[in-house]
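One structure is given here, and the rest of the page talks about it.
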Amino acid sequence: MVNSRLFKRFISIYSEKNNIQSFKNYYQSLCNWIDSNKKMIGSELISRTYLDKMMSLDLDEYLVDPITNGLCLEKEAKRMIKEYSNIESLLRSIFYTLWDMVTISSDSDCSNCGKDGDLRYIKINNGKVVLECNECGYVQNLDGSKVEEKIENFLPATKSEVELAISNNSMAFS
Ligand SMILES: [Zn+2]
């Protein structure tokens, strides 16, 4: 169970029309909820669920068209307002919602689980652009090979970073 005061405030995000008027507003209102309840949630949990990173993204640079990731603003209240076993599972759900709003998906298939079309472009460590399967978490290079290096950190790759990486990858094959 999630603390009821905290959850009530979470639900109220969806009753304020302005919050779900655009993806940018929605992203910010989820971040605002975390930020204004930081004390109750605890900063350790916020960083463990990677939400501190998500909260620090510049939306003008990172926001994508989340409809391609299946997100629909009109349906968000129904999807998100449900019973969560604990605060961490609510935070994870928020993470994936934010993730959908800032990650570009590729049509490639996952070399590990075979799931098609739900690989996300991320940048790891020193900025190398790779693909992460949204289903199983497997990380592969743009050419489908396994990423061998240890992933110390990751962020979504922006549109321009993705375009550059794709053009470099296709040049390597021509
Ligand atoms: Zn996979």
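The values are calculated or read from the model by the stated rules, or taken from the named source; none is laboratory data. Nothing here was measured: the structure is a model prediction, and the numbers come from that model. Positions of Cβ are backbone-derived with ideal geometry, glycine not excepted, and every protein chain shown enters the neighbour counts.
In this structure, does SER111 turn out to be among the polar types (S, T, N, Q) and assigned by TED's automatic domain parsing to the domain that holds SER145? Give the steps one after another, and end with the answer.
On the way: among the polar types (S, T, N, Q): yes; assigned by TED's automatic domain parsing to the domain that holds SER145: yes.
It is true that SER111 is among the polar types (S, T, N, Q) and assigned by TED's automatic domain parsing to the domain that holds SER145.
The residue pairs whose first member lies in the range 107-131 and is within 14 Å of the ligand (Cβ to nearest atom), whose second member is among the β-branched types (Val, Ile, Thr), and whose beta carbons are closer than 6 Å, counting only pairs six or more residues apart or on different chains, are ARG120/THR103; VAL130/ILE124; VAL130/VAL139; VAL130/VAL147. I'd like to check something: does the range 145-155 contain any residue that is exposed (fewer than 14 other Cβ atoms within 10 Å of the Cβ) and under 24 Å from LEU30 (Cα atoms)? Looking for residues that are exposed (fewer than 14 other Cβ atoms within 10 Å of the Cβ) and under 24 Å from LEU30 (Cα atoms), one finds at least one in the range 145-155, hence yes. From the list GLU152, GLU135, GLU148, the lone residue that is over 26 Å from ASP58 (Cα atoms) and in a loop (DSSP other than H, G, I, E, B) is GLU148.
Among SER89, SER93, which is more than 11 Å from the chain's Cα centre (by Cα) and hydroxyl-bearing (Ser, Thr, Tyr)?
Only one candidate passes the filter, namely SER89.
Would you pick out the residues in the range 132-144 that are more than 15 Å from the ligand (Cβ to nearest atom) and surrounded by fewer than 19 Cβ atoms within 10 Å (Cβ to Cβ)?
ASP143, the sole residue that qualifies.
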